[in-house]
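The values are calculated or read from the model by the stated rules, or taken from the named source; none is laboratory data. Bear in mind the structure is a predicted one, so any value in this text is a computation, not a measurement. Counting neighbours? That spans all protein chains shown, and the Cβs are built from the backbone with ideal geometry, glycine included. Note: accessible area is taken over every heavy atom of the protein model, side chains too, but ligands, DNA and RNA are not part of it. Shrake-Rupley method; radii C 1.70, N 1.55, O 1.52, S 1.80 Å.
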Amino acid sequence: MLNRAERVSGEGGLAVGAAGAKGRVQFVLNTGRSLMQGISMEGESKWSRKYFDAVAIVEMNPSDASALGVEDRVKIYNEHGAVILRVKRSDRVPAGQVFVPMGPWANVLTDPNTDATGMPRLKGVEVFVEPTDEPLTTLADVLKLLGAKHLEVYMGDVPLKTGERKVVENAVCPFCGELCDHLIVEVDGNKILRVTGGCAISSAKFLNYHRHRILKPYIREQGKLVEVDLDKALDKAADILVSSKLPLIFGLSSTDVEANKYAIELAELIHGVVDNTSVFCHGPTALAVQEVGTARCTLGVAVNLADLVVFWGCNPLEAHANHFVRVVLREGRFVKGRKERKVVVIDTRRTPTADQADLFIEVEPGRDYELLTALRMAVRDLDIEAPLVAGVPREKVVELAEIMRTAKYGVIFFGVGLTMTGAKYRNIVALIKLAHELNEWTKFSIVPMRGHYNVAGANQVSLWTTGYPYAVSYARGFPKMIVGVTSATDLLANGDVDSALVIASDPVAHLPRRAVEHLAKIPVVVIDAKWSLTSAFADVILPGAYVGIECEGAAYRMDDVPIRLKKVVDPPPGVLCDSEVLRMLVDRVKAKMGCGA
Ligand code: SF4
């Protein structure tokens, strides 16, 4: 990681703020979720203009934009690739940094090196930025650059028919790890009329569940997608998996635990690798817990007891939009809501969540480990010699330590801002140790902010079935996990797998370029409800129904509480739940391998 002085004078760079300077300048790129990204992909699709407008942008500080002489767009590039993005000026982004929402444009620039943790570097990446008047990089441009096999999508809308009217109470939102289970969904036939209690992303998902769907199975023949029946698509998928030397089964965070169970059975059968999306979110958290244990609590404990809530490297107001209302503002048994609850936000930029905080601490990108170490020293009354730690004045570190020690019950919610950057899993080791040390003074817990609604469940099923939370290889017939070797990111980036089954997830929208490019070289099977960007790399596409809308199923909330998701409407004709599709695929593979269905 370069420091500020090196960044502004880096190779050929000009100092940010140099009067009238035009030319390339080195910046630090951070990627992350945004509210409009979530709304656009659920309300429309990732193939829509709305998604392009929300995701193909770069946010930069107005002073940097002026110093560079930027009009409306910039070229942003590094050794991994280059894209032309529309510029959004934002005071929230500190000078010297740029922010690009997670998506295929950001992936062109992110670093596939996982430092043997399975986690690519999706934040704190060095990039160059220069003004340009070249055309913006379109979705088609970026997919072609990544090696997409085709750009055909046959989106269908489920025909809506009015009929029986019903109200489903305590419905569960299948979007993020908050798993809000207090929704009221009003239905007329198979039309969802209204959703109460959910956030904007939840409404977008429920009210548009019928749009942009995969309604038929497809296989790729002579470079084109051809509609086939389910039997033929399952047969082709089974052929691909059975004939592979090392197949990868990946995703599983936006489906239920039942589907996860079949995916692991399949991996064992075909001696493949089964990995879930925690590899690029909270995989490092799982590694840290294996090393030093943890100090966890449920959301209920946080609501009822926490008079101090810290958000570190996460932005729930955009990524888990109901979290603030459900946990921070809510009145608990011993804490009378926000007025008796202090909120601290630690992040690399002033997020909307930071606007709601009593104390905001801006840490330099990738240097959280230093801040955590100083905080642990301050908690133990050790002297901090440096006047500035990771960009934070020593006095502020001591102030935060005192706030933490004097809380009656503190909870630290932490996100991928900690797991993806700098020391990666070592950040979480330090965070857990901090919580352990604070428990010598008071009561303290940590809770990871999990992204996809059942990524915690994917870890749970993997743990109880194989003994490992993710990145499990059955290559030798028994489960083993070696992050950096058996993790999906590394397997793809190193070209080690020769086929992939992607279930209810979109690695093309989340993984670095080098990993995605390998999907272009191997046969890929996709099971999904909507046309993901990964479908452009698919050789077989199998439709799946939405768990929590069209199917029942179990999922685990971010605090590892299992919750049963309800069915609200029937699935489209001929479309089965993911678990049923996977059960049939397991049977087909068994038949081909001669081990009986
Ligand atoms: S916070 Fe997450 S789970 Fe809750 S309603 Fe919003 S998207 Fe759904």
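Exceeding 19 Å between C-alpha atoms, which entries from my cross-link table qualify? They are LYS205/LYS232; LYS216/LYS567; LYS236/LYS521; LYS123/LYS144; LYS191/LYS566. Before the final figure, lay out the partial values.
Values: LYS205/LYS232 30 Å; LYS216/LYS567 21 Å; LYS236/LYS521 17 Å; LYS123/LYS144 24 Å; LYS191/LYS566 16 Å.
From the list (LYS205/LYS232; LYS216/LYS567; LYS236/LYS521; LYS123/LYS144; LYS191/LYS566), the Cα-Cα distance tops 19 Å for LYS205/LYS232; LYS216/LYS567; LYS123/LYS144.
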Given an 8 Å cut-off on Cα distances and at least 6 residues of separation, report the relative contact order of segment 137-255 as a percent. 21 percent
To the nearest 20 debye, what is the magnitude of the charge dipole of the chain about its Cα centre, counting +1 on the Cβ of each Lys and Arg and -1 on the Cβ of each Asp and Glu? 640 debye
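Between LYS245 and ASN304, what length comes free when the chain is fully extended (0.36 nm per residue of separation minus the Cα-Cα distance, one decimal in nm)? Don't skip to the answer; put the middle values down first.
On the way: separation 59, 0.36 × 59 = 21.24 nm, distance 5.18 nm.
My answer for the length gained is 16.1 nm.
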Rounded to the nearest whole Å³, what is the per residue volume of the convex hull around the Cα atoms of segment 178-269? 164 Å³
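How high is the relative contact order of the chain, in percent, counting Cα pairs under 8 Å that sit 6 or more residues apart? Intermediate results must be reported in sequence, preceding the final value.
Working: 1449 pairs, mean separation 114.3, N = 597.
This gives 19 percent for the chain.
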In nanometres, the difference between 0.36 nm per residue of separation and the alpha-carbon distance of GLU395 and LEU382 is 3.4 nm
On Cα atoms only, tilt of 368-379 relative to the major axis of the chain in degrees: 50 degrees
Rolling a 1.4 angstrom probe over the protein heavy atoms, how many square angstrom per residue are accessible across segment 299-343? 39 Å²
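Based on the Kirkwood radius over alpha-carbon pairs, what is the Stokes-Einstein translational diffusion coefficient of the chain at 20 °C with 1.002 mPa s viscosity, in µm²/s? Don't skip to the answer; put the middle values down first.
On the way: Rh = 24.5 Å.
Translational D for this selection: 87 µm²/s.
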Please name which of MET155, LEU143, VAL125 has its Cα lying farthest along the dipole of segment 69-169 towards the positive end, using unit charges on Cβ (Lys, Arg +1; Asp, Glu -1) and the Cα centre as origin. MET155
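Multiplying the sequence separation of ARG194 and GLU134 by 0.36 nm and subtracting their Cα-Cα distance, what value in nm do you get?
Values: separation 60, 0.36 × 60 = 21.60 nm, distance 4.34 nm.
Length gained between ARG194 and GLU134: 17.3 nm.
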With each pseudo-label sitting 7 Å past Cα toward Cβ, what's the VAL485-GLU169 distance in nm, one decimal? 5.5 nm
Which values, in whole Å and largest first, are the semi-axes of the equivalent ellipsoid of segment 97-242 obtained as the square root of 5 times each eigenvalue of the Cα gyration tensor? 35, 27, 18
Scalar couplings 3J(HN,Hα) for segment 221-229 by Karplus 6.51 cos²θ - 1.76 cosθ + 1.60 (θ = phi - 60°), nearest whole Hz, x for Gly and Pro, are 10, 6, x, 10, 7, 10, 6, 9, 7
To test your reading of the geometry: what angle, between 0 and 90 degrees and rounded to tens, separates the Cα axis of helix 283-292 from the longest principal axis of the chain? 60 degrees
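How much of the pair distance distribution for segment 186-337 lies past 21 Å, counting alpha-carbon pairs only, in percent? Don't skip to the answer; put the middle values down first.
On the way: 7977 of 11476 pairs.
Percent of Cα pairs beyond 21 Å in segment 186-337: 70.
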Determine Rg/Rh for segment 451-597; Rg is computed over alpha-carbon atoms and Rh is the Kirkwood hydrodynamic estimate from the same atoms. 0.96
Once both labels are modelled 7 Å past Cα along the beta-carbon direction, what's the HIS150-THR162 spacing in nm? 3.8 nm
Coordinate range along principal axes, alpha carbons of segment 385-525, Å, largest first: 56, 33, 26
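Return the inverse of the average 1/r over all pairs of distinct C-alpha atoms in segment 363-455, which is the Kirkwood hydrodynamic radius, in Å to one decimal.
Numbers: mean 1/r = 0.0732 Å⁻¹.
Here the Kirkwood hydrodynamic radius works out to 13.7 Å.
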To the nearest 20 debye, what is the magnitude of the charge dipole of segment 389-527 about its Cα centre, counting +1 on the Cβ of each Lys and Arg and -1 on the Cβ of each Asp and Glu? 160 debye
Could you state the accessible area per residue of segment 551-597 in Å², with a 1.4 Å probe and every protein chain left in place? 43 Å²
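Computed from the mean reciprocal separation of all distinct C-alpha pairs, what Kirkwood hydrodynamic radius does segment 61-107 have, in Å?
Values: mean 1/r = 0.0876 Å⁻¹.
Every distinct Cα pair counted, the radius reaches 11.4 Å.
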In Å², rounded to a whole number, the accessible area per residue of segment 379-433 with probe 1.4 Å is 40 Å²
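Tell me the GluC sites (Glu not before Pro) within segment 426-518 that lie in a loop according to DSSP and have at most 11 other beta-carbon atoms within 10 Å. Show your work: numbers first, answer last.
On the way: sites: GLU437, GLU440, GLU517; in loops: GLU440.
Here the sparse-neighbourhood loop sites are GLU440.
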Projecting each Cα onto the charge dipole of the chain (Lys/Arg +1, Asp/Glu -1 at the beta carbon, about the Cα centre), which of HIS510, VAL257, PRO247 comes out farthest on the positive side? VAL257
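Which value, to two decimals, describes the C-alpha radius of gyration of segment 558-597 once divided by 2.2 N^0.38 Å?
On the way: Rg = 15.2 Å, N = 40, 2.2 N^0.38 = 8.9 Å.
For segment 558-597, the normalised Cα radius of gyration is 1.70.
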Expressed as a whole percentage, what fraction of the accessible surface of segment 455-597 belongs to carbon and sulfur atoms when a 1.4 Å probe is rolled over the protein heavy atoms? 51 percent
Percent of accessible area on segment 198-246 owned by carbon and sulfur, 1.4 Å probe? 47 percent
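Taking Rh as the Kirkwood radius computed over C-alpha pairs, what is the Stokes-Einstein D of segment 274-333 at 37 °C in a medium of viscosity 0.692 mPa s, expressed in µm² per second? Walk me through the numbers on the way to the answer.
Working: Rh = 13.6 Å.
D, rounded to a whole number, is 242 µm²/s.
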On the protein heavy atoms, probe 1.4 angstrom, tell me the percent of accessible surface of segment 28-114 carried by carbon and sulfur. 48 percent
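Using +1 on the beta carbon of Lys and Arg, -1 on that of Asp and Glu, and nothing else charged, what's the dipole of segment 461-542 about the Cα centre, debye to 20?
140 debye
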